[in-house]
Amino acid sequence: MGLTFAAQLAERDVDVRFEVATGETLAVLGPNGAGKSTVLSLLAGLLAPTSGRADLEGSVLFDVGASRRTLTEPRERGISLLAQEALLFPHLSALENVAFGPRSRGVPRTAARATALGWLERVGVAELVHRRPHQLSGGQAQRVALARALAVEPSLLLLDEPLAALDVSITPTMRLLLREVLQGRTAVIVTHDPLDAFLLADRVLVLEGGRIVESGATAEVLTRPVTAFGARLAGLNLVQGRRTRTGFAGGNGIEVPLADRLPEGTALVLAVRPAAISVSLSSHPGADAAVVRAEIDDVEHRGDLVRIHAAGLAADVAPADAVALGLVPGIAVDLRIRHGDATVYPTRREQQDSGRSTAGSGR
Ligand SMILES: Nc1ncnc2c1ncn2[C@@H]1O[C@H](COP(=O)(O)OP(=O)(O)OP(=O)(O)O)[C@@H](O)[C@H]1O
């Protein structure tokens, strides 16, 4: 059953229809003003469509037409929303914030607290149960907000740019936590970040001007992009490799130390943005970076940057640097990736096989 959604909202010129199977995560991408937040608001019941119908696991969320107008109350929809900001109740402790949902659905206090504690443990902040929101860091507050969203066992979890407001130093671990809790959960995530889409979503939908311009399995959109956003997705470097005794070893010689406890031999994928790979004629390896020496296969001019292809990787450099270094096909260069810029995670199959274990990021 899952989710079926079809809605028009005339005043915002939005007309979108899609389905999400039970247990599947859909990423909604698109430029500013594309209609992503509008879709989430329609689902959550914060906006009513001009016309359309949505069903979640056989229950009507809305059904609006010429002669009918059913709008299920937001709190009756079985939907939780994780927003950019944690939006916790300031006067309640972390535990009370998470217990609030079950309590307001009639669960007795002790049982609601036990549920809340279980979720706070699951998201890694059990020791912070008695803190008030102002005593939590941004990342801790977002973990509490995630526990709160999940404690009501929603049929659908909505995530609106859940990592956007966090310090970049904590987004990798938060992203891996989301990846873990989204396994087998029906979810729609709005994001600007192709890495989120790739790591968290089974399918991707690209909106532009209130219409769907591209959709498909994440891997498909990655390999056959038809829009600028799809191309941004496709630009992400993905390197297949394995867990060695010390970390990740990729087919093209990239090695990154890891702090996870995954067994040796686990199939892993390393993701790194083209902008995070620096290109030089020669460099010193250093302790905090992986360096791959390779001949340039291709040089692509892309407006305000130049994309270098070598060793199966794409690296973006400023045009002035490309000229100064004389970057042309055939010359040998060092591609340098700081360990902290690489995200390493098990392939989906490995993750399912090994239960809930996740790789640490490359930091
Ligand atoms: N509160 C509002 N009132 C009227 N129009 C709005 C409102 N919010 C958004 N819009 C319009 O609706 C359309 C879709 O906007 P929406 O906020 O859904 O886009 P978005 O993809 O979420 O953008 P962003 O990435 O900037 O958050 C845009 O034309 C926008 O100008």
Region 13-88, Rg to Rh (Cα coordinates; Rh as Kirkwood inverse mean 1/r):
0.95
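What shape does the chain have by the C-alpha gyration tensor, where a ≥ b ≥ c are the square roots of the eigenvalues, rounded means a/c under 1.5, and otherwise prolate means a/b greater than b/c and oblate the rest?
Numbers: a/c = 2.32, a/b = 1.46, b/c = 1.59.
Oblate.
Is the shape of region 46-113 rounded, prolate or oblate, going by the alpha carbon gyration tensor and its root eigenvalues a ≥ b ≥ c, with a/c under 1.5 for rounded and a/b larger than b/c for prolate?
In terms of gyration-tensor shape, prolate.
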Cα pair distances exceeding 13 angstrom across region 300-339, given as percent:
52
Note the full-extension length gain between E127 and A267 as 0.36 nm times their separation in residues minus their Cα-Cα distance, in nm to one decimal.
47.1 nm
Which whole-Hz ³J(HN,Hα) couplings does region 292-301 yield from phi under the Karplus relation 6.51 cos²θ - 1.76 cosθ + 1.60, θ = phi - 60°, glycine and proline marked x?
10, 8, 7, 8, 5, 8, 7, 10, 10, 8
For T22 and S282, what is the calculated FRET efficiency with R₀ set at 35 Å and r taken between the beta-carbons, to the nearest 0.05?
0.10
Based on Cα positions only, what radius of gyration and what Dmax would you give for region 149-211, in angstroms?
12.2, 35
Could you state the principal axis extents of the C-alpha atoms in region 237-353, from the largest down, to the nearest angstrom?
47, 27, 22
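Please arrange M174, M1 by counting, for each residue, the other beta carbons lying within 10 Å of its beta carbon, fewest first. Each step should come with its number before you reach the end.
On the way: M174 20, M1 13.
Sorted ascending by nearby Cβ count, the order is M1, M174.
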Going by Cα centres, region 249-266 and region 28-91 are how many Å apart?
41
Got a sec? Which residues in region 6-23 would a label at R211 touch, if it sits 7 Å along Cα→Cβ and we count backbone N under 13 Å?
13-17
So how far apart, in nm, are the two label points at H134 and R293 if each is 7 Å from Cα heading toward Cβ?
5.9
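Please compute the contact order of region 3-234 in relative form: average sequence separation of alpha-carbon pairs under 8 Å and at least six residues apart, divided by the residue count, as a percent.
This gives 27 percent for region 3-234.
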Which of these, D202, D341, D13, has the largest mean-square fluctuation under a Gaussian network model of the chain (Cα springs below 10 Å)?
D13
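Only the coordinates and a few stated rules stand behind these numbers; no lab work does. Everything numeric in this text was worked out from a predicted model, so none of it was measured. Note: ideal-geometry Cβ built from the backbone for every residue, glycine included; neighbour counts use all protein chains shown.
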